[in-house]
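The values are calculated or read from the model by the stated rules, or taken from the named source; none is laboratory data. Since this is a predicted model, take the numbers as computed values, not measurements. Cβ coordinates were reconstructed from backbone atoms using ideal geometry, including for glycine residues, and neighbour counts include every protein chain displayed.
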Amino acid sequence: MVMETLAHIAAVYSLVVWLGGIIHLAAAAIPQLRVVEDRRLRIALTAGMMRRYNPLSWTAITILLASSVYIALPRLMMDGSPISIAVIIITATVFIQDFIHSFIYGPRAARGDTQARKKANLLAISEIPPALTLPALLALV
């Protein structure tokens, strides 16, 4: 019971750190960078923000994945709970999306690849809706 409570606390805090960072980047930081006219400077600033945010983000999302599986897997094995399945699938999906964003498209975008930037932005935005469902689902597990 104590471990499950700690797992819930870890999941909530890691979700706040990870998703809060994504929302801040998408809603405030990156739009504000669009006013920087020098394309090289804009790319350098974006890459710098990501270098600082990524270690925090990856720590948070790894804790989120581990704690979500810890919470959901026993229930899934016990009664086949559809909510547990949803928690595991959604968490794993956003983890994979974030991996592709951070380690494939993000570095290419930082080098100035406009197609990679578009894909990285799309991935980042597409992570938000499923991640927003996780607090409610974790509360139901």
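Annotations for the structure displayed:
- With respect to the conditions (1) modelled with pLDDT under 95; (2) closer than 22 Å to Leu123 by Cα; (3) in contact with a helix residue (DSSP H, G or I) (Cβ under 9 Å, 6 or more places away or on another chain); (4) not aliphatic (A, V, I, L, M), Arg75 lacks only one, and its number is (2).
- Within the stretch 43-74, considering residues that are among the aliphatic types (A, V, I, L, M), over 13 Å from Ala110 (Cβ atoms) and within 17 Å of the chain's Cα centre (by Cα), the one surrounded by the fewest Cβ atoms within 10 Å (Cβ to Cβ): Leu56
- Meets criteria (in a helix (DSSP H, G or I), modelled with pLDDT under 90 and surrounded by fewer than 16 Cβ atoms within 10 Å (Cβ to Cβ)) for Ile104: no
- Residues of the stretch 44-101 classified as more than 17 Å from Thr133 (Cα to Cα) and part of a loop (DSSP other than H, G, I, E, B), total: 1
- Residues satisfying the stated conditions in the stretch 111-130, i.e. within 15 Å of the chain's Cα centre (by Cα), farther than 15 Å from Thr91 by Cα and either outside any helix (DSSP H, G or I) or among the aliphatic types (A, V, I, L, M) (or both): Ala120, Leu122, Ile125
- Cβ-Cβ contacts under 8 Å between residues 6 or more apart (or on different chains), taken from a first residue in the stretch 118-131 that is more than 13 Å from Ile96 (Cα to Cα) and aromatic (Phe, Trp, Tyr) to a second residue that is part of a helix (DSSP H, G or I) and modelled with pLDDT of 85 or more, are absent.
- Whichever residue in the stretch 115-131 is surrounded by fewer than 14 Cβ atoms within 10 Å (Cβ to Cβ) and at pLDDT 85 or above and, among such residues, is farthest from Val16 (Cα to Cα): Gln115
- Residue match in the stretch 32-39 (condition: closer than 21 Å to Ser126 by Cβ, among the aliphatic types (A, V, I, L, M), out of contact with any Asp or Glu (no Cβ under 8 Å at 6 or more places or on another chain) and free of Cβ contacts under 8 Å to residues at least 60 places away in the same chain): yes
- Conditions (1) under 18 Å from Ala11 (Cα atoms); (2) charged (D, E, K, R); (3) surrounded by fewer than 17 Cβ atoms within 10 Å (Cβ to Cβ): number failed by Asp98: (3)
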